[in-house]
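Remarks on the structure that follows.
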Amino acid sequence: MSTLKAAVMMIDGFEESETIQIVDILKRGGVDARTFRFQDDPYVKGMQNITVKSDERFSEAVKDYDIIIVPGGRTCAAKFIADEEFMNTLRWFNENGKLIGGMCSGTVVLEEAGVLKGKKATGYTGYEAKLVSADFVNELTVYDQNVITSQGPATPLPFAFKILEVLGIDPAKIESRLLYREAGGRAYH
């Protein structure tokens, strides 16, 4: 059995805690989660001015991954949207029925790529006005067809748990080790 692979996007202004927590949980679940940057320098500056080293530069190689994930960040959505090659890659994932994940402002990127059309989706508070092609629902995480969405900064753990679940990996042991339910973590089912 081959290892499942997740491509997690990072561009200047990305939300550090969302990105790092998603990668951490996916790796704990046995997924080969790798971060992709859009610049030559491997160190990408996040929204809180924390610089994080990425794994590799964005390329056609992401098409070999099982899921592409767009975390949030106040200023990064416009940068993703401006990158034609990246937006075409999101469309390719959608057209080929491959999994796509987005949370917080990442959901706006998915909207602009046209991958939310006719699908249930969730997003940050007030995003129902931005995610106009989706059937917006006010839920913590939503999985519809090939797209997984989540609300915002407080949701990277349930978002990552939902991704694991969709990939066929039971996140219960990870939740238990993190004391997620005992700490009052919200249900993502």
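We did not get these values from a lab; they are worked out from the coordinates using the rules stated. Keep in mind it's a predicted model, so treat the numbers as computed, not measured. Methodologically, a virtual Cβ is constructed for each residue, glycine included, from the backbone with ideal geometry; neighbour enumeration extends over all protein chains shown.
Brief remarks on what is shown
- Taking amide H atoms as placed 1.01 Å from N in the peptide plane, the amide H of G73 lies under 5 Å from those of E15, S105, G106, each 5 or more residues away in sequence or on another chain.
- Estimated inter-spin distance, N88 and K27, nm [label 7 Å along Cα→Cβ]: 3.2 nm
- Taking every C-alpha pair closer than 8 Å and separated by at least 6 residues, the mean separation divided by the residue count of the range 1-99 gives a relative contact order of 34 percent.
- For the range 96-189: relative contact order, % (alpha-carbon pairs under 8 angstrom, 6 or more apart): 26 percent
- A simple rule links phi to the HN-Hα coupling: the Karplus curve 6.51 cos²θ - 1.76 cosθ + 1.60 with θ = phi - 60°, which for the range 90-95 gives 4, 5, 4, 4, 5, 4 Hz, with x for Gly and Pro.
- Figure legend: label point modelled 7 angstrom from the Cα of K130 along Cα→Cβ; residues of the range 62-89 with amide N under 16 Å from it are 70-83.
- Considering only E84, E56, E165, the Gaussian network model of the chain with Cα springs below 10 Å gives its largest mean-square fluctuation to E84.
- Long-range lysine pairs (8 or more apart or interchain), the range 71-138, Cα under 18 Å: 7
- Rounded to the nearest 500, the 222 nm mean residue ellipticity of the chain from helices alone is -8500 deg cm²/dmol, with -39,500 (n - 2.57) taken per DSSP H run of at least 4 residues.
- Overall form of the range 82-189 per C-alpha gyration tensor (a/c, 1.5; a/b vs b/c): prolate
- In order along the range 16-32, the phi-based Karplus estimate (6.51 cos²θ - 1.76 cosθ + 1.60, θ = phi - 60°) of 3J(HN,Hα) comes to 4, 5, 4, 4, 5, 5, 4, 4, 4, 5, 4, 5, 4, x, x, 8, 7 Hz; Gly and Pro are listed as x.
- Taking a ≥ b ≥ c as the square roots of the eigenvalues of the alpha carbon gyration tensor, the chain is rounded, as a/c is under 1.5.
- Applying 0.36 nm per residue to the separation of D170 and T75 and subtracting their alpha-carbon distance, the gain on full extension is 30.9 nm.
- For the range 24-73: rounded, prolate or oblate by the Cα gyration tensor [a/c cutoff 1.5]: oblate
- Rounded Å value of the spacing that divides the Cα centres of the range 122-148 and the range 1-67: 22 Å
- Put simply, the amide H of A121, placed in the peptide plane, has neighbours under 5 Å in D135, F136, V137, leaving out anything fewer than 5 places away on its chain.
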